[in-house]
Structures are given as C-alpha cells and as structure tokens.
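Notes follow once the structure below has been shown.
The values are calculated or read from the model by the stated rules, or taken from the named source; none is laboratory data. Since we're looking at a predicted model, the values are computed, not measured. Cβ: placed from backbone, ideal geometry, glycine included. Neighbour counts: every protein chain shown.
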Amino acid sequence: MKKIILLGITVLLNGCLNPANQLINNKFIKVKPSISSVSGIWTFSSGPNISTIKLYPNGSGIICDDISGNIVFNKVKYANNMIYIQNGMVLEVKLLNKDILKIRTILSASTSNMIYKADNDLKAASLKCVKEI
C-alpha cells in the first residue's frame, strides 16, 4: 500500500512544471524571435534584486539580473507572447507596451507575476547593468 501511495505522489509531482524541466528542455536555440510591435527597456525590482530587459524591434534582446550584487546577463528572444531566456527559463508575456512589460513565471506549482516598468533612460536599472546595456 505504501508503494502505491508513493507511486501516486511521484506521478502527481512529475506533472508539475519546475525550473529544472525548463532548463533541461531549453528551447532558446530553436526559437526564432518575432518582430515586436514594441521595443525598449523595462526594469523590475524586488528587495535587493533588480532585473532589466531590453528588447530590440527584431524580437531579440538581453536580460540583466542584479541579484544582491551578483550580475547575470542572458540573451532573450521574444516569440509567441513568450520571452525565452538563454539559460532555459521561459516567461509568459501578459502585457507588452511602451510603458509596461507584465510577465508571468511558472515555478513548480506556483506562478508569479512581475511588472517591469519602462526604463529607456536606465534610471531604475542596476548601475552594473547600465554599463553593459
């Protein structure tokens, strides 16, 4: 009986999307960026962490994450209302305009909405990211 319960829990948990699955099934190389109706720079901050996304008109771009002083850069591709990150993560675009980039991340069984605000002059971006973007 214990084996059946354990098997059932394992099957249920395998159905959950987790970041490891996204990283293992990295679609970044295969995705062709779409021409975006909006290009620009948007920044989001949460506590000591600051994230800046820059999208070009051809749908390619870059993301710079300053995580408590540790800087991580990745290329991004915008296609089919998704932002595919070079590291394998995928962000669902809920709203994209010149003022707001609202995205949803899916981590395990939970989702998180983040609202990036227009930052074309890079005033809200991390100083370390400003140098590279």
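Filtering the stretch 65-83 to residues that are hydroxyl-bearing (Ser, Thr, Tyr) and within 14 Å of Lys54 (Cα to Cα) leaves only Tyr78. Note on the stretch 29-49: residues that are of a type outside the set (Val, Ile, Thr), surrounded by 16 or more Cβ atoms within 10 Å (Cβ to Cβ) and out of contact with any Phe, Trp or Tyr (no Cβ under 7 Å at 6 or more places or on another chain) amount to 2. Looking only at the stretch 95-102, decide whether some residue is at pLDDT 95 or above and under 12 Å from the mean Cα position of the chain (by Cα). Yes, that holds for at least one residue. Taking the conditions (1) touching a Phe, Trp or Tyr at 6+ places or on another chain (Cβ under 6 Å); (2) in contact (Cβ under 8 Å) with a residue 60 or more places away in the chain in turn, Leu122 satisfies each one other than (1). Put simply, of Ile103, Ile115 the only residue that is surrounded by fewer than 16 Cβ atoms within 10 Å (Cβ to Cβ), among the hydrophobic types (A, V, I, L, M, F, W, C) and closer than 21 Å to Val38 by Cα is Ile115. Given the structure, is Asn26 modelled with pLDDT of 50 or more and within 19 Å of Val72 (Cβ to Cβ)? The answer is yes for Asn26. For the stretch 76-91, a tally of residues being part of a strand (DSSP E or B), touching a Ser or Thr at 6+ places or on another chain (Cβ under 8 Å) and farther than 13 Å from Lys32 by Cα returns 1. Counting only residues that are aliphatic (A, V, I, L, M) and closer than 19 Å to Arg104 by Cα, which one in the stretch 68-82 is surrounded by the most Cβ atoms within 10 Å (Cβ to Cβ)? Here the answer is Val76. Of the residues making up the stretch 111-127, those that are assigned to a strand (DSSP E or B), modelled with pLDDT of 95 or more and not hydrophobic (A, V, I, L, M, F, W, C) are Tyr116, Lys117. For the stretch 67-82, a tally of residues being closer than 19 Å to Ala125 by Cα and out of contact with any helix residue (DSSP H, G or I) (no Cβ under 6 Å at 6 or more places or on another chain) returns 9. Scanning the stretch 38-68 for residues that are free of Cβ contacts under 8 Å to residues at least 24 places away in the same chain and not in a strand (DSSP E or B) returns Ser39, Gly47, Pro48, Tyr56, Pro57, Ser68.
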